[in-house]
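Heads up: the structure comes next, in structure tokens.
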């Protein structure tokens with residue numbers, strides 16, 4: 001379905017207070033948000049919990065969402081805030097992250113050794129969060145820099161430089177695999 | 001395409017050998033159920049209610065602030081109330097001023113000034129006459145009680161040189 005058409009349908013459902021908007025919200029944003037949250041939090045379980053919180057929060061603020069100029073940017077802003085809140089709580093509680101938890105998977109179409117996936121995940125995990133989220137959105141969700149800048153509320157040049165620095169670091173970290 | 005772009009492409013291809021997991025159907029069910037529950041629990045919030053609510057809260061905050069400021073102001077001025085009343089009694093009907101002059105001469109001048117609210121030729125001339133009278137009295141009353149030069153001598157005035165002095 002065309003993105004604009006889906007957003008218009010979602011806006012109409014939100015404005016008329018139709019609970020079917022929840023399904024539309026899921027179809028529009030769940031996949032992208034889940035990927036984004038995994039990139040930010042480096043944990044699938046945390047991403048699942050935060051995704052639920054994000055959806056509940058969106059539903060509670062549904063009338064503001066209906067009037068928002070950019071629906072997707074608004075949704076990403078909520079997701080980012082919730083992820084930051086969880087990260088702060090974790091920091092305060094001094095919770096140790098389970099580094100072995102996998103949030104990258106092997107492609108079914110082109111099976112690769114799981115060792116490779118682990119190396120990629122470890123390299124991505126070592127990037128600073130702002131660089132990691134840009135790279136994940138660009139590489140795995142095939143977003144353009146303009147799209148990412150609009151969604152994250154950043155200048156396009158900042159997004160491009162984060163991508164460039166992140167890729168340089170990854171090149172250093174994965175040097176043996178690139179050749 | 002330059003060398004950097006080629007290297008980035010190659011790195012992207014390497015990264016794409018892995019993928020990010022999609023949300024599972026169980027997760028979808030869990031989250032949509034939670035969201036629908038929240039939908040039913042949260043009341044319908046009309047968009048125009050938001051600015052109205054903000055306005056009401058702002059007005060209430062303003063009333064509280066002004067009330068507090070009044071209370072603080074009253075409390076701060078209460079200690080001046082008694083002295084202002086006493087000054088008013090002394091002046092005999094003269095309205096208390098923010099700064100009551102204590103000199104009897106100035107007090108008379110002030111009382112004259114306050115009484116002259118009517119502006120016509122006769123009252124103005126009589127007011128000027130009375131002012132003149134008061135001002136004429138002022139040097140006389142000053143001369144009646146001249147300051148005692150002996151008592152008020154400054155310690156800094158040197159005594160005349162005597163024979164015992166070195167000079």
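Across the stretch A:49-65, which residue is farthest from residue B:30 (Cα to Cα) among those that are at the interface with chain B (Cβ under 8 Å from one of its Cβ atoms) and in contact (Cβ under 8 Å) with a residue 12 or more places away in the chain? Looking at the filtered set, the residue picked out is A:63. Here the stretch A:13-26 is the region considered, the condition is being more than 10 Å from every other protein chain (Cβ to nearest Cβ) and assigned to a helix (DSSP H, G or I), and the residue that is farthest from residue A:87 (Cα to Cα) is A:13. Checking residue A:29 against (1) facing chain B (nearest Cβ under 10 Å); (2) within 21 Å of residue B:30 (Cα to Cα); (3) part of a helix (DSSP H, G or I), which test does it fail? With (1) facing chain B (nearest Cβ under 10 Å); (2) within 21 Å of residue B:30 (Cα to Cα); (3) part of a helix (DSSP H, G or I) applied to residue A:29, the lone miss is (1).
The combined condition, being surrounded by 14 or more Cβ atoms within 10 Å (Cβ to Cβ), in contact (Cβ under 8 Å) with a residue 12 or more places away in the chain and either assigned to a helix (DSSP H, G or I) or away from every other protein chain (no Cβ under 13 Å) (or both), is fulfilled by residue A:134. Considering each residue of the stretch A:12-19 in turn, none proves to be within 28 Å of residue A:124 (Cβ to Cβ) and without any contact (Cβ under 8 Å) to a residue 24 or more places away in the chain. Just one of the listed residues (A:118, A:112) is within 14 Å of another protein chain (Cβ to nearest Cβ), at pLDDT below 90 and closer than 14 Å to residue A:42 by Cβ, and it is A:118.
Any residue at all in the stretch A:1-8 that's within 8 Å of chain B (Cβ to nearest Cβ), over 17 Å from residue B:35 (Cα atoms) and at pLDDT below 90? Scanning the stretch A:1-8, I find no residue that is within 8 Å of chain B (Cβ to nearest Cβ), over 17 Å from residue B:35 (Cα atoms) and at pLDDT below 90, so the answer is no.
Between A:69, A:80, the distinction of being away from chain B (no Cβ under 13 Å) and outside any helix (DSSP H, G or I) belongs to A:69 only.
Considering only residues that are under 22 Å from residue A:122 (Cβ atoms), facing chain A (nearest Cβ under 7 Å) and part of a helix (DSSP H, G or I), which ones fall in the stretch B:5-34? Within the stretch B:5-34, B:7, B:8, B:10, B:11, B:12, B:14, B:15 meet the criteria. Within the stretch A:95-104, the presence of at least one residue that is in contact with a strand residue (DSSP E or B) (Cβ under 9 Å, 6 or more places away or on another chain) and either within 11 Å of chain B (Cβ to nearest Cβ) or farther than 26 Å from residue B:25 by Cβ (or both) is confirmed.
The values are calculated or read from the model by the stated rules, or taken from the named source; none is laboratory data. All values derive from a computational prediction rather than experimental measurement. Heads up, the Cβs are rebuilt from the backbone with ideal geometry, glycines too, and the neighbour counts pull from every protein chain shown.
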